[in-house]
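Working notes for the structure below.
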Amino acid sequence: MKVGVIGTGAVGAACVLATVMRGTAREIVLVDRTRKRAQAVSTDIGYGAALSPMIDIRAGDYHELAGAALVMLTAGVNERTGGALDRNDPAGRLKLLETNARIYEDVVPQVVRAVPDAVLLVVTDPPDPLADVARRIAQHDRVLSTGTFLDSLRFRAHLARHLGVSPSSVEAQVLGEHGTSQVFLWSSARVAGVPVLDAIERRGFALKEFRSEIEGEVRYANITIIEGNSASQYGIGMASARIAQAVLRDERIVIPIGNYHPQYGVTLSLPSVIGHGGVIATFEPDVSDDERAALERSAETLKKARENIPAR
C-alpha cells in the first residue's frame with residue numbers, strides 16, 4: 001500500500017508522521033518544490049520509523065508517485081502567511097483560495113499524469129473549494145476534502161471537556177464547509193445515547209451561552225492554535241492519516257468528509273462511507289429546519305467563493 005504526500009511544510013510533515021505512526025502504508029513518497037526539504041523530512045521521520053510497522057519513506061519526484069492508492073495534497077500558503085487570522089472576517093480560510101488554487105493548477109496535473117487512478121485527498125486550506133479545483137483538473141470524482149472531519153473531532157472534544165466525559169462517549173458532527181459557515185448538528189449530538197441538549201440542561205448550563213461558547217471554540221480552533229504555535233498541523237495530520245487508512249483498507253467507516261454533491265453543486269461535508277476509491281455512499285442526515293437552512297447557506301458560501309476564482 002503506497003501513499004504520496006505533496007508538500008512537506010508543517011501540515012505535510014504532520015500527515016507523514018501520523019501515517020507512519022498509524023502503520024497505514026507500506027510506502028510513502030514525499031514530493032516538494034524544495035527537494036532538500038522533502039529529503040530532510042523523510043530522513044528525520046525515517047529514523048523513528050523503525051519503531052513502527054515496516055515502511056519505506058523517501059523523497060521523490062512526481063513520477064515516483066506511480067502506484068500510489070492515495071495522494072495527500074498539502075501544498076499551499078497557510079492562514080498566517082495568507083492573512084486569514086481575523087476572527088471577525090467571515091471569509092476565514094476562503095481568503096487563501098485564489099493563491100492556493102494557482103498552486104493546485106500547477107501541482108494537480110503533475111499528480112494526475114503520474115498516478116491517474118489515485119484518490120486525491122485535499123488537505124490544503126480551504127479544502128472544499130480546492131477539492132472542486134482539483135476535481136475539475138483531474139476530471140474524475142475520486143477527490144476528497146478533509147472537510148469537517150477534524151471540526152467534528154473538535155466538537156466532540158470540547159463537548160466532552162465541558163460535560164466531564166470522554167470524547168469517545170460523544171457522538172457529534174459538524175457538516176458543510178470547513179470554515180466559518182460550518183454547521184453544528186446540535187439536534188443529533190449525543191452523549192452515550194443521551195441528547196447533548198438534555199445533558200446541558202441537566203448540568204444547569206445556559207443553553208444559548210453554552211452553544212455559542214462551544215461553536216466559537218471549534219470554529220476558531222485553528223486560529224487559537226496558530227497564535228501559539230505558528231501552524232495548526234497535528235490534528236489535521238492525524239485526521240488525514242485516518243482517512244488514508246480507511247481508503248487503503250476499504251474500511252467503510254462513516255465520517256463527515258468533503259465530497260462533491262450534485263444536489264448542492266459544490267464539495268462540502270456530509271456523513272460518508274469511505275473505502276477503496278474514496279466515497280462509496282453518502283447519508284443525508286436527519287436535521288432540524290434551522291440546520292437544513294444553515295447547510296444550504298454553507299453551500300452557497302462555497303459556491304460564491306469558487307465562482308470568484310479568476311479564470312486563467
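Conditions tested, residue by residue: (1) within 16 Å of Q245 (Cα to Cα); (2) touching a Leu at 6+ places or on another chain (Cβ under 8 Å).
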residue: R33; (1), (2): no, no
residue: A38; (1), (2): no, yes
residue: S52; (1), (2): yes, no
residue: H63; (1), (2): no, no
residue: R80; (1), (2): no, no
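Looking at D141, D128, just one residue is under 18 Å from P262 (Cα atoms) and buried (at least 24 other Cβ atoms within 10 Å of the Cβ), and that residue is D128.
With respect to the conditions (1) out of contact with any strand residue (DSSP E or B) (no Cβ under 6 Å at 6 or more places or on another chain); (2) within 21 Å of A189 (Cβ to Cβ); (3) surrounded by 16 or more Cβ atoms within 10 Å (Cβ to Cβ), A305 lacks only one, and its number is (2). Only residues that are without any contact (Cβ under 8 Å) to a residue 60 or more places away in the chain, more than 24 Å from S188 (Cα to Cα) and of a type in the set (A, V, I, L, M, F, W, C) were counted in segment 124-169, giving 3. Number of residues in segment 21-33 that are of a type in the set (A, V, I, L, M) and surrounded by fewer than 22 Cβ atoms within 10 Å (Cβ to Cβ): the value is 1. Just so you know, in segment 86-111 the residues that are of a type in the set (D, E) and closer than 14 Å to R135 by Cα include one that is surrounded by the fewest Cβ atoms within 10 Å (Cβ to Cβ), and it is D106.
For K36, indicate whether it is surrounded by 15 or more Cβ atoms within 10 Å (Cβ to Cβ) and either of a type in the set (K, R) or in contact with a Pro (Cβ under 9 Å, 6 or more places away or on another chain) (or both). Considered against the rule, which asks whether it is surrounded by 15 or more Cβ atoms within 10 Å (Cβ to Cβ) and either of a type in the set (K, R) or in contact with a Pro (Cβ under 9 Å, 6 or more places away or on another chain) (or both), K36 comes out as no. In segment 232-301, counting only strands (runs of 3 or more DSSP E) that sit wholly within it, the ones holding 1 or more residues that are over 14 Å from D128 (Cβ atoms) and free of Cβ contacts under 8 Å to residues at least 12 places away in the same chain span 278-282.
Listed here are the residues, each with its yes/no results for (1) surrounded by 20 or more Cβ atoms within 10 Å (Cβ to Cβ); (2) of a type in the set (D, E, K, R); (3) at pLDDT below 95; (4) not in a loop (DSSP other than H, G, I, E, B).
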{"site": "S181", "(1), (2), (3), (4)": "yes, no, no, no"}
{"site": "S187", "(1), (2), (3), (4)": "no, no, no, yes"}
{"site": "L197", "(1), (2), (3), (4)": "no, no, yes, yes"}
{"site": "I200", "(1), (2), (3), (4)": "yes, no, yes, yes"}
{"site": "F205", "(1), (2), (3), (4)": "no, no, yes, no"}
{"site": "E215", "(1), (2), (3), (4)": "no, yes, no, yes"}
{"site": "V218", "(1), (2), (3), (4)": "yes, no, no, yes"}
{"site": "I223", "(1), (2), (3), (4)": "no, no, yes, yes"}
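Restricting V41, V16, V20 to those that are touching an Asp or Glu at 6+ places or on another chain (Cβ under 9 Å), under 20 Å from Q233 (Cα atoms) and modelled with pLDDT of 95 or more reduces the list to V41.
Filtering segment 236-264 to residues that are surrounded by fewer than 18 Cβ atoms within 10 Å (Cβ to Cβ) and either within 15 Å of L121 (Cα to Cα) or of a type outside the set (S, T, N, Q) (or both) leaves R249, D250, E251, R252, I253, V254, H261, P262, Y264. For segment 140-195, residues that are more than 16 Å from E217 (Cα to Cα) and of a type in the set (V, I, T) total 6. All conditions in (1) farther than 28 Å from R297 by Cβ; (2) not in a loop (DSSP other than H, G, I, E, B) hold for D117, with the sole exception of (2).
Of note, L65 satisfies the criterion of being more than 20 Å from the chain's Cα centre (by Cα), closer than 19 Å to V122 by Cβ and of a type outside the set (F, W, Y). Tell me which residues, restricted to segment 89-129, are of a type outside the set (A, V, I, L, M, F, W, C), within 17 Å of L30 (Cβ to Cβ) and over 18 Å from the mean Cα position of the chain (by Cα). The one that is of a type outside the set (A, V, I, L, M, F, W, C), within 17 Å of L30 (Cβ to Cβ) and over 18 Å from the mean Cα position of the chain (by Cα): Q110.
Filtered by the rule that a residue be hydrophobic (A, V, I, L, M, F, W, C) and under 18 Å from T301 (Cβ atoms), segment 178-204 gives V183, F184, L185. Restricting attention to segment 265-302, the residues that are within 30 Å of D250 (Cα to Cα) and exposed (fewer than 13 other Cβ atoms within 10 Å of the Cβ) add up to 4.
The values are calculated or read from the model by the stated rules, or taken from the named source; none is laboratory data. Quick caveat, the model's predicted, so the values are computed rather than measured. So basically every Cβ, Gly included, is an ideal-geometry build from the backbone, and we count neighbours across all protein chains shown.
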